[in-house]
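Chemist: I have a structure I would like to understand better, so I am pasting it below and will then ask my questions one at a time.
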Amino acid sequence: MNKPLDLAGLGIGPFNLSIAALLREVPQLRTAFFDRKPQFNWHPGMMLPGVRLQTSYLKDLVTGVAPWSPNSFLNYLVQNGRFYTFMNADLPAVSRAEFADYMAWVAEGLDNLHFGHNIRHVDFDGDLFHVHLQEDAEPIRARNLCLGTGKIPAIPESCRPWRGDDCFHNMELTLRQPDVAGQCVTVVGGGQSGAEVVLSLLQGDWGRPERIHWLSRRPNFDPLDETPFTNDYFTPAYVDTFHGLPEEQRLALVRNQKLASDGISSDTLEALYQRLYEHRIAGGHSPRVVLQPHRTLEAMTGPAPYRLAFHNGLNGGREHIQADRVILCTGFESRLPDYLSGDLRQRLETDRHGQLKLDSDFQARWDGPPDRHVYAVNAGRHSHGIADPQMSLMCWRSARIVNHLAGETLFPVTGRVDLVDWNGEETLNEPVEPDRDSLLAMLKNNI
Ligand SMILES: Cc1cc2nc3c(=O)[nH]c(=O)nc-3n(C[C@H](O)[C@H](O)[C@H](O)COP(=O)(O)OP(=O)(O)OC[C@H]3O[C@@H](n4cnc5c(N)ncnc54)[C@H](O)[C@@H]3O)c2cc1C
């Protein structure tokens, strides 16, 4: 590894794996990817029974830009002798376990992935990046980086002192296998993960609890909007238009489009409602299930049994409950990774929320030499919109990065059939900058 790499990929989740899979077809670039896990393993702590992908299997690591690639989901099915049975099964969506297995299968076939390496810190010597993996070992040197170490679980401040066996983020759930028999369990968070956890608790996956409280800040248990025009937010044309908007407008749109990416799948909602109904008419006393939307957690005191205080947004009241166990389905936060040491961190431009400013090809703006790039995946919700943390446009983003790195269009990145004219292509008007008044009106109406 003495010769500098063209690209060092930091982290091997789905997003960097997709880049690595495309790079297999670009042998002229020297690349290597590193991850601290011993092997590829997709969100093992949330591999609950029966959970399904929220995205089509065609939106896999490569197909949208390289359908000929051997790393497609369809080739995985063929190579594993499951193509016909998979088609006959006519599943509403692929299980997360099967998709995770597909990605692990791709990872096994790539020779530029290196597992079992914790990235300790990264610096820049004026010409090359140095990626330090072990205390005494020589650093990996690279001309360019791709940051792909994902997001970190968001823990509400009042819950932080109590983190442990009885109060934890949902991403640790199946790794902990808690015994909840006879307990009062509170699930905080009304998105897809919260719904999956409540469904699993109802099914008695970890014993039969005495009581389940499910709190959500949202006004209801809101569905994922998967209708066609909303899905147009997950197209290259929309993302490119979005990227060109002023920052305030982008942030307002991201807030407004929340349910296009963060709502609960309709099949999960149906399963949950039907389960609750059957439980109720069967006279099921245990567990007692209390659903509490429109509630914002304000305080938590402990140790267990914990006391949680929350605000009821509907009637303005303050409410309290007791819980033996608290499962936090409170999402993720995006922060600059700790391994970016002082000097390099200072040189990267961030917005007022501390997020990297990304150019259209996903390079972070920085004050380094123009031929050295820090690409970033899963870091562009503010710059590229709600599609960025999802897999829908994963391989398109990978293609943009690989094309930029290679300096030529190796993979197609523009759709030719766009049904919505997002950018004024079909009018005689010149595109206009939104004026201050319309921007304020948008923010006021939360548009
Ligand atoms: C439970 C769950 C289900 C989801 N389902 C869907 C879905 O159905 N459809 C969809 O479009 N999106 C889904 N998403 C959203 C998104 O697609 C995934 O979160 C996806 O895993 C993001 O990929 P990533 O590569 O950015 O990060 P991650 O998957 O988080 O991978 C980051 C990797 O970086 C490694 N790492 C971190 N720090 C270091 C370090 N210092 N040194 C070395 N390695 C490090 C980690 O070990 C990890 O392997 C889901 C998210 C969750 C949480």
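Chemist: Consider Leu110 carefully, then state whether it is part of a loop (DSSP other than H, G, I, E, B), within 15 Å of the ligand (Cβ to nearest atom) and over 30 Å from Ser341 (Cα atoms). Spell out how you get there, then give the answer.
Modeler: On the way: part of a loop (DSSP other than H, G, I, E, B): yes; within 15 Å of the ligand (Cβ to nearest atom): yes; over 30 Å from Ser341 (Cα atoms): no.
For Leu110, the condition - part of a loop (DSSP other than H, G, I, E, B), within 15 Å of the ligand (Cβ to nearest atom) and over 30 Å from Ser341 (Cα atoms) - is not met.
Chemist: One residue is enough: does the stretch 86-94 have a residue meeting the conditions among the aliphatic types (A, V, I, L, M), free of Cβ contacts under 8 Å to residues at least 24 places away in the same chain and not in a loop (DSSP other than H, G, I, E, B)?
Modeler: Within the stretch 86-94 (the criterion being among the aliphatic types (A, V, I, L, M), free of Cβ contacts under 8 Å to residues at least 24 places away in the same chain and not in a loop (DSSP other than H, G, I, E, B)), the answer is yes, since at least one residue qualifies.
Chemist: Considering the stretch 337-382 alone, what residues qualify as being farther than 23 Å from Leu245 by Cβ and within 12 Å of the ligand (Cβ to nearest atom)?
Modeler: Selection gives Pro337, Asp338, Tyr339, Leu340.
Chemist: Does Leu145 fit the bill of being modelled with pLDDT under 95 and aliphatic (A, V, I, L, M)? Walk me through it before giving the result.
Modeler: Details: modelled with pLDDT under 95: no; aliphatic (A, V, I, L, M): yes.
Against the criterion (modelled with pLDDT under 95 and aliphatic (A, V, I, L, M)), Leu145 does not qualify.
Chemist: From the list Arg335, Arg400, which residue is in contact (Cβ under 8 Å) with a residue 60 or more places away in the chain and either under 17 Å from the mean Cα position of the chain (by Cα) or surrounded by 19 or more Cβ atoms within 10 Å (Cβ to Cβ) (or both)?
Modeler: When all the criteria are applied, what remains is Arg335.
Chemist: Please work out which one of (1) farther than 28 Å from Thr268 by Cα; (2) surrounded by fewer than 17 Cβ atoms within 10 Å (Cβ to Cβ); (3) at pLDDT 95 or above; (4) out of contact with any Pro (no Cβ under 9 Å at 6 or more places or on another chain) is the condition Asn71 fails and give its number.
Modeler: It is condition (2) that Asn71 fails.
Chemist: With the condition kept exactly as written, say whether any residue in the stretch 77-98 is within 14 Å of the ligand (Cβ to nearest atom), within 23 Å of Ala399 (Cβ to Cβ) and within 24 Å of the chain's Cα centre (by Cα).
Modeler: yes
Residues checked against (1) part of a helix (DSSP H, G or I); (2) over 21 Å from His373 (Cβ atoms); (3) near the ligand (Cβ under 9 Å from one of its atoms):
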residue: Ile12; (1), (2), (3): no, no, yes
residue: Ala20; (1), (2), (3): yes, no, no
residue: Gln28; (1), (2), (3): no, no, no
residue: Phe40; (1), (2), (3): no, yes, yes
residue: Gln54; (1), (2), (3): no, yes, yes
residue: Thr63; (1), (2), (3): no, yes, no
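The values are calculated or read from the model by the stated rules, or taken from the named source; none is laboratory data. Values in this document were obtained by computation on a predicted structure and should not be read as measured data. With ideal geometry, Cβ positions are generated from the backbone for all residues, glycine too; neighbour counts draw on all protein chains shown.
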